[in-house]
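The values are calculated or read from the model by the stated rules, or taken from the named source; none is laboratory data. Keep in mind that what you see is a predicted model, and the values were worked out from it rather than measured. Here the Cβ positions follow ideal geometry from the backbone for every residue, glycine too, while neighbour counts run over all protein chains shown. For the accessible areas, the whole protein counts, side chains as well, though only heavy atoms, and no ligand, DNA or RNA atoms are used. Shrake-Rupley method; radii C 1.70, N 1.55, O 1.52, S 1.80 Å.
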Amino acid sequence: MADWHTTIRERDFPMLEQAECDGRALIYLDNAATTQCARPVQWALESYWRSQHANVYRGAYCLSRRAGEAVEEVRQLCAEFLGAGSGNEIIFTAGATASANLLADAFALTELRPGDLVLATEMEHHSNLLPWREACRRTGAELALAPVTGEGELDLEALDRLLERRPKLLAVTAVSNVLGTITPLEEIVSRAHRVGCAVAVDAAQAMRCALPGVDVLDCDFLYFSAHKIMGPTGVGVLYGKRAWLEKLTPPRTGGGMVRALPGMEPEYEDVPLKFEAGTLDLAGVAGLGAALEYLHAVGRRRIAAREQALLRYTEKKLRELPGLRVLGSPRRRAGCVSFTAEPLQPLDVAMLLDSQGIAVRSGSHCAIPLHARLGLSGSVRVSPAFYNTAEEIDILAAALARVLDSARKGGVLKDKANG
Ligand code: PLP
């Protein structure tokens, strides 16, 4: 009998079997950038457009009422998925980047004053860094980065020293999109809360790795995108503790978020609607709901365990290749493993792999400060998902061995041990 993941791959991701790029079969190992959309999610999107489309909240008619109920059902589903207290703590956005921007803007408006301190870490994706930089720039607050150790862990002692300065907020990733480091969130949140510092968690890379619920993490905010959990692009979530959401001023204004406008002074709707100005991506929300149901049906723990096993195997195979340097050796890794093969450029490695049908990512992965910390301008990233196979990793390793071998023969690479 076929393994569950083989069955699921064939049934729900036929594109992985059928796709070909430039006449070659595709080996898709760029899941940290985006995952393939599961067929049940595609059906949900199709069904939405076929028979459910209407604008929400504003209609007295049946179709609009139903559309509104469907959005609220997905909100509830998200709350359950995240371990949130209620759907009121779930704001729909255009994705993790939009969530971070919305939160940073609201925080700047409501909380930040000149001289305040905001912390992020050296391993943040630009999406969890630049919105905070902008918020600080606008308000005269300072942004400081907690450093990362040579192994690729967050330096907790250095973080403690920064926390002594009583920052207002710490923006931290749950999983690094370059090193795959799983950050010790419970520990980080408890240290931050001891000095009254709020914590915003970027969970963009963490939703397939059995992240504890927000009720366990006790973080104040958390965000993610649907397209990294087999859902559609253009939709995501900002979770916030209710007390925080009630306190924060909405930075975006428009339709659907005010209940009255006496003398042009808006009276905002309750949370979460006060943060959802304008019409949502309603099909996207339907797709997000289908993606959450899909993960639940396949089994979140099963997915996480399978991805862990594949990632360990990938790292082992990469470390066996002479001339290739795997970045970081964090205690707990999820999602991806990155490497360099100097003096080959990451882009050249990725293009040579592409010529053999293998899709990996090269560049800074929107994490320039982290690469700078590692003395690099870029790397090659391999990110398997549960629908990938060990055979695909073997093909990747063999292709890389050929790339390294021909580079060595061409005199480009010295035959050095794996760093
Ligand atoms: N944060 C991390 C850690 C990411 O890896 C990404 C995307 O790769 C983002 C945020 C941004 O996600 P999106 O582009 O879906 O907004």
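Quick notes
- Residues of the range 208-265 satisfying the condition of being buried (at least 22 other Cβ atoms within 10 Å of the Cβ) and without any contact (Cβ under 8 Å) to a residue 60 or more places away in the chain: Leu211, Cys219, Asp220
- Taken over the range 235-253, the residue count meeting the criterion of being in contact with a Ser or Thr (Cβ under 9 Å, 6 or more places away or on another chain) and either aliphatic (A, V, I, L, M) or within 20 Å of Val56 (Cα to Cα) (or both) is 5.
- Across the range 128-145, a minimum of one residue is classified as assigned by TED's automatic domain parsing to the domain that holds Asp220, within 15 Å of the chain's Cα centre (by Cα) and within 16 Å of the ligand (Cβ to nearest atom).
- Residue within the range 393-407 that is under 28 Å from the mean Cα position of the chain (by Cα) and modelled with pLDDT under 95 present: no
- Residue pairs whose Cβ atoms lie under 7 Å apart, separated by 6 or more positions or on different chains, with the first residue in the range 27-53 and more than 26 Å from Ile393 (Cβ to Cβ) and the second within 15 Å of the ligand (Cβ to nearest atom) and outside any loop (DSSP other than H, G, I, E, B), are Ala44/Gly287; Leu45/Gly287.
- The range 1-25 residues that are in the same structural domain as Ala359 (by TED's automatic domain parsing), paired with ones that are loosely packed, with under 11 Cβ neighbours inside 10 Å (beta carbon under 7 Å, 6 or more apart): Glu10/Glu17
- When restricted to residues that are over 18 Å from Ser225 (Cβ atoms) and within 16 Å of the ligand (Cβ to nearest atom), the range 184-202 contains 3.
- Listed conditions (1) farther than 14 Å from Ser86 by Cα; (2) over 23 Å from the mean Cα position of the chain (by Cα) are all met by Glu246, apart from (1).
- A single entry from Leu347, Leu353, Leu324 fulfils the requirement of being in contact with a Gly (Cβ under 9 Å, 6 or more places away or on another chain), over 24 Å from His5 (Cα atoms) and open to solvent by less than 20 Å² (accessible area, probe 1.4 Å): Leu324.
- Odd one out for Gln18, checked against (1) at pLDDT below 95; (2) among the polar types (S, T, N, Q); (3) within 16 Å of the ligand (Cβ to nearest atom): (3)
- Among the numbered conditions (1) open to solvent by 10 Å² or more (accessible area, probe 1.4 Å); (2) touching a Ser or Thr at 6+ places or on another chain (Cβ under 9 Å); (3) assigned to a helix (DSSP H, G or I), the only one that Arg133 does not meet is (2).
- Annotation: Ala277 fulfils all but one of (1) touching a Leu at 6+ places or on another chain (Cβ under 9 Å); (2) of a type in the set (A, V, I, L, M, F, W, C); (3) more than 16 Å from the ligand (Cβ to nearest atom); the unmet one is (1).
- Only a single criterion out of (1) within 16 Å of the ligand (Cβ to nearest atom); (2) free of Cβ contacts under 8 Å to residues at least 12 places away in the same chain is not satisfied by Ala171, namely (2).
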